[in-house]
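Undergrad: Quick one: the structure is below, questions incoming.
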Amino acid sequence: AGLPYQNPALPVADRVSDLMARMSLDEKLGQMTQAERTALNPQSDLATYRIGSVLSGGGSAPSPNTAQSWADMYDSFQRTALSTPLGIPMIYGADAVHGHNNVVGATIFPHNIGLGATRDPALVQQIGRATAEEVAGTGVNWDFAPCLCVARNDRWGRTYESFGEVPSIATSMTTIVTGLQGTTLGAAPASVLATAKHYLGDGGTTGGVNEGNTQLSEADLRAIHLPPFKAAVDKGVGSVMISYSSWNGVKDHGNRHLITDILKGELGFSGFVVSDWAGIDQIDGQSGFSAADIDASINAGIDMVMVPTNYKQFISMLRTEVNNGHISRARIDDANRRILTKKFQLGLFEHPLADRTFTGTVGSAAHRATARQAVRESQVVLKNAGNILPLSKSAKVFVAGKSADDIGNQSGGWTISWQGGSGNVTPGTTVLQGIRNTVAGAGSVTYNRDGNGINSSYTAAVAVIGETPYAEGAGDRPGGMGLDQTDLATLNRLRASGVPVVVVLVSGRPLDISAQLPDWRALVESWLPGTEGQGVADVLFGTVHPTGKLPVSWPQSASQEPVNDGDGKTPLFPLGFGLTW
Ligand code: GLC
């Protein structure tokens, strides 16, 4: 093993050149191919087709779903990849978008909209570091995060994946890239490749339709959606994922001006560009990928394709498009140079297997403490009539609501499964448990999900309500954005008692609550706090002062959407609003 590309003492550029000189066309095409783990049957296809990357789609986990089992799975795939003549290691990607959320027992941090409410870039960098340790401990070395989308219409099902409605917040939170990758990619242990996504304009579609059409002038597209990507590129982000959405009717996945001229040219992005899941298929408007899709996407500047299942067909068609001259060898070489450079910089050639020294950090007390701090700082107090908050720790408290004792609801989508789900999906502290941990002395906590049993003897009723989990298009709200019937019924029971009601809204976005708000003594927007619900109680009972500020404008009604800072409309609560004491 004394070949130049295998020598870590040589400059990466020289190692890349030496390796590429030894690669056949098919080996280069394989490096540009990413397959989903469940599609690799037999697993030896990874070697046979020289596939360069494997991913776990949302919720795609080994059984048992433990950190140890993930690391074993990763090592098995990697050993297969290393069995090829050149022994090029594969890179394994997964969506760790609020902690290593596919893994049971992992720390689940607040989703991005809550992190935007903290206005605390240093904390967000810490979250990136903690996430990188948990991800690396399972072998995974590529995180499809952060989403740097600027959500302009709260109807969008991915609003919670956005740091906020103005580019300045996402730009400031690109510190998470440094947390994930380290100051220099691969320089320190537990460095994972970060992904700035989804380029470009995913949060600006008309009507907030997921994968829809962003109708903006180039000047406005650049002003609203580009700054966070420039910041991420300047911080050395190693990969960029392309958006399903279109810009003025043209699919981003086929837009050479956006990908090659602006991202790679103007911004000087030297990492590699990956498609979204089967994203190239949509370019020609037909289902499945075609030769036209492949030509358009690769020639636009996409370097790796998340196929993710029909990888044999993809490689075969890509080879045809190169042999018939529709895709140049130079383009193939550029893509490989970008991909291999990141693999060398990550240290994959020297350390291809899972770093088991970090496996024990998955769900660690230290990481959960960081998450609790993020939950504290993300709470936004929108109403506090009569200064009922902070509640006394010796109060007689009644707790109700479908999300009071539900880890799944408080974590939201992208948690254990792709869509997430209600219930006890992973270890953590619910809001109710946090309240029970806080109330002491003469105080007491009574819980009834529906509000049954409430009476005038209680100091206050805390209603923890809001949204049940969703991801991507499943979360689009084209119609009303009000509370569901379960919550309205609970609120009615509580209101009948005359006891002051403190509402904790667990949601991935602002909801239409104008009609109910007058009945509430207080309102705290909790966003999607994740596993460390103690942080919510810390604010409710004054363990800490609230500091959260709205990262989005709060609409007076659903029909007011889109409503954004500076658009001349008067929201119910403006961007930046948040009470404290
Ligand atoms: C999904 C999402 C993207 C994610 C990818 C892999 O469809 O659009 O954010 O990284 O597929 O799970």
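The values are calculated or read from the model by the stated rules, or taken from the named source; none is laboratory data. Just so it is clear, the model here is predicted, and its values are computed rather than measured. Quick reminder, even Gly has a Cβ in these numbers, built from the backbone with ideal geometry, and neighbours come from all protein chains shown. In case anyone asks, the SASA skips ligands and DNA or RNA and just uses the protein heavy atoms, side chains included. Shrake-Rupley method; radii C 1.70, N 1.55, O 1.52, S 1.80 Å.
Conditions tested, residue by residue: (1) open to solvent by 30 Å² or more (accessible area, probe 1.4 Å); (2) at negative phi; (3) part of a helix (DSSP H, G or I).
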residue: Phe163; (1), (2), (3): no, yes, no
residue: Thr171; (1), (2), (3): yes, yes, yes
residue: Leu180; (1), (2), (3): no, yes, yes
residue: Leu185; (1), (2), (3): no, yes, no
residue: Ser191; (1), (2), (3): no, yes, no
residue: Gly207; (1), (2), (3): yes, no, yes
residue: Glu211; (1), (2), (3): yes, no, no
residue: Tyr244; (1), (2), (3): no, yes, no
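Undergrad: Related question: Out of the residues in region 261-277 that are open to solvent by less than 50 Å² (accessible area, probe 1.4 Å) and of a type in the set (Phe, Trp, Tyr), state the one that is farthest from the ligand (Cβ to nearest atom).
TA: Phe269
Undergrad: Another question, if that's okay. Going through region 52-87 one residue at a time, which ones are more than 16 Å from the ligand (Cβ to nearest atom), of a type in the set (A, V, I, L, M) and open to solvent by less than 10 Å² (accessible area, probe 1.4 Å)?
TA: Hits for region 52-87 are Ala71, Ala81.
Undergrad: Taking region 308-331 as the region of interest, how many residues are among the charged types (D, E, K, R) and open to solvent by less than 80 Å² (accessible area, probe 1.4 Å)?
TA: Total satisfying the criteria: 3.
Undergrad: For Gly301, only one of the following conditions fails: (1) open to solvent by 10 Å² or more (accessible area, probe 1.4 Å); (2) touching a strand residue (DSSP E or B) at 6+ places or on another chain (Cβ under 9 Å); (3) more than 16 Å from the ligand (Cβ to nearest atom). What is its number?
TA: So Gly301 meets the others, but not (1).
Undergrad: Another question, then. Report those strands (runs of 3 or more DSSP E) wholly inside region 429-510 carrying at least 2 residues which are out of contact with any Gly (no Cβ under 8 Å at 6 or more places or on another chain) and open to solvent by 30 Å² or more (accessible area, probe 1.4 Å).
TA: Correct list: 444-447.
Undergrad: Let me ask something else. Can you pull out every residue in region 133-180 that is more than 16 Å from the ligand (Cβ to nearest atom) and in contact with a strand residue (DSSP E or B) (Cβ under 7 Å, 6 or more places away or on another chain)?
TA: Gly139
Undergrad: Residue check, Thr531 against (1) touching a strand residue (DSSP E or B) at 6+ places or on another chain (Cβ under 6 Å); (2) closer than 24 Å to Ile108 by Cα; (3) β-branched (Val, Ile, Thr), all met but one. Which one?
TA: (1) is the only condition that Thr531 fails.
Undergrad: Here is a follow-up. If you scan region 311-341, which residues turn out to be hydrophobic (A, V, I, L, M, F, W, C), in contact (Cβ under 8 Å) with a residue 12 or more places away in the chain and within 30 Å of Pro11 (Cα to Cα)?
TA: Selection gives Val322, Ile327, Ile332, Ala335, Ile339, Leu340.
Undergrad: How many residues does region 28-51 contain that are buried (at least 24 other Cβ atoms within 10 Å of the Cβ), assigned to a helix (DSSP H, G or I) and within 16 Å of the ligand (Cβ to nearest atom)?
TA: The qualifying residues number 0.
Undergrad: Still on this structure, please answer the following. Could you tell me whether Phe289 is touching a Ser or Thr at 6+ places or on another chain (Cβ under 7 Å), more than 26 Å from Leu216 (Cβ to Cβ) and of a type in the set (A, V, I, L, M, F, W, C)?
TA: For Phe289, the condition - touching a Ser or Thr at 6+ places or on another chain (Cβ under 7 Å), more than 26 Å from Leu216 (Cβ to Cβ) and of a type in the set (A, V, I, L, M, F, W, C) - is not met.
Undergrad: In addition: Here are Gly128, Gly157: which of them is under 23 Å from Ile91 (Cβ atoms), touching a residue at least 24 places away in the same chain (Cβ under 8 Å), open to solvent by less than 10 Å² (accessible area, probe 1.4 Å) and of a type outside the set (S, T, N, Q)?
TA: None of the other options fit; the residue is Gly128.
Undergrad: Given the criteria within 22 Å of Gln31 (Cα to Cα), open to solvent by 30 Å² or more (accessible area, probe 1.4 Å) and either within 16 Å of the ligand (Cβ to nearest atom) or among the basic types (Lys, Arg) (or both), does Arg256 qualify?
TA: Here the answer is yes, as Arg256 does meet what is asked.
Undergrad: Among the residues of region 335-348, is any within 16 Å of the ligand (Cβ to nearest atom) and surrounded by 19 or more Cβ atoms within 10 Å (Cβ to Cβ)?
TA: no
Undergrad: Search region 463-480 for residues that are of a type in the set (S, T, N, Q) and pair each with any residue that is part of a strand (DSSP E or B) and open to solvent by less than 10 Å² (accessible area, probe 1.4 Å) when their beta-carbon atoms are under 9 Å apart and the residues are at least 6 apart or on different chains.
TA: none
Undergrad: State all residues of region 511-547 that are hydroxyl-bearing (Ser, Thr, Tyr) and surrounded by 23 or more Cβ atoms within 10 Å (Cβ to Cβ); if no residue qualifies, say none.
TA: Within region 511-547, Ser526, Thr531 qualify.
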